[in-house]
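Structure, as structure tokens:
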Amino acid sequence: MKPVSSLITQNPTTESKRTGTQLGECGYANPRNSMQIAEWLATKAPADMDKAAVSRAHMHGVTLEVKYEGRYPNNGPSYQVAVGCDIHGTSEQRREALTSLQNFQQPAPQRAIEGWLVELSAITAGKGPDGVDADILLTAYSSRLSTYPADIVRDVLLGKAWKWFPTWEELEKLCEAKTSPRRHMIAALSKPPVDPEPKTRPATQEEKDRIQALVDEMFPQKPRAEREAAVSELMKGNCMKESK
């Protein structure tokens, strides 16, 4: 097989020094276009970007708390994946936060991913799956990796000490695990707030009398004692919704 590194002899992208305007303690850049966002993301660690996403949401008045569960495979090290996200914030706050957090999902250009794959091929054994042409391998891997945020793809490819050129199954598992926190944040922000439980209060005597009169009118054939008992049971406790 022709080595992957023979297709591209130079990484087609360089890390951008233009990180835009810094906003707040989270250090999130506000670049002008998706290319700059991707270049900026690719210089960051995924865990830092997860924290930055939570911080950005908080700046819009939204609190995000990602829930994690451990995974303990028999043939590999344990790791954590996000399984949900608690959220607090109004509809307007969620919309604003969602717009900001979408930037943290920006994928790298496919050409940049191909460059990272070439670099990975140069420092690992195997040079890619046997019997697969380098151009096919680059296209197959990069097209799939382009569905993940730029920082996660670069970290999975070059932030881990691979001995052998990884299979797609290995890369996908890592990408999915590292992407899960932000996916749950986005999902939580995309849902409308749950309506709060209505406030209730005890019924006034006037309300009890009105309900009793209605029951008496609807069920005149029932004994008076049964009608009164039914109304008494119905009007127990905080049975009336408070007016806004």
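With +1 on each Lys and Arg Cβ and -1 on each Asp and Glu Cβ, and nothing else charged, work out how big the dipole of region 200-241 is about its Cα centre, in Debye to the nearest 20. Please list the in-between numbers first.
Working: 8 positive and 8 negative charges, 33 e Å.
Using only the charged Cβ atoms, the result is roughly 160 debye.
Radius of gyration (Cα atoms) of region 200-241, expressed as a multiple of 2.2 N^0.38 Å: 1.15.
The modelled label-to-label distance for the pair ARG210/THR139, using points 7 Å beyond Cα in the direction of Cβ, is 7.3 nm. Pairs spanning more than 30 Å between alpha-carbon atoms, out of LYS178/LYS199; LYS191/LYS236; LYS67/LYS160; LYS191/LYS241; LYS51/LYS241; LYS44/LYS163: LYS178/LYS199; LYS191/LYS236; LYS51/LYS241.
Taking Rh as the Kirkwood radius computed over C-alpha pairs, what is the Stokes-Einstein D of region 41-134 at 25 °C in a medium of viscosity 0.890 mPa s, expressed in µm² per second?
Translational diffusion coefficient: 148 µm²/s.
Modelled spin labels at THR43 and GLU197, positioned 7 Å past Cα toward Cβ, are 5.0 nm from each other. A Cα-only calculation for region 86-244 places Rg and Dmax at 31.4, 91 Å.
Read-outs: derived from the displayed coordinates by stated rules, not from any lab. No experiment lies behind these values; they were computed from the predicted model shown. Cβ coordinates were reconstructed from backbone atoms using ideal geometry, including for glycine residues, and neighbour counts include every protein chain displayed.
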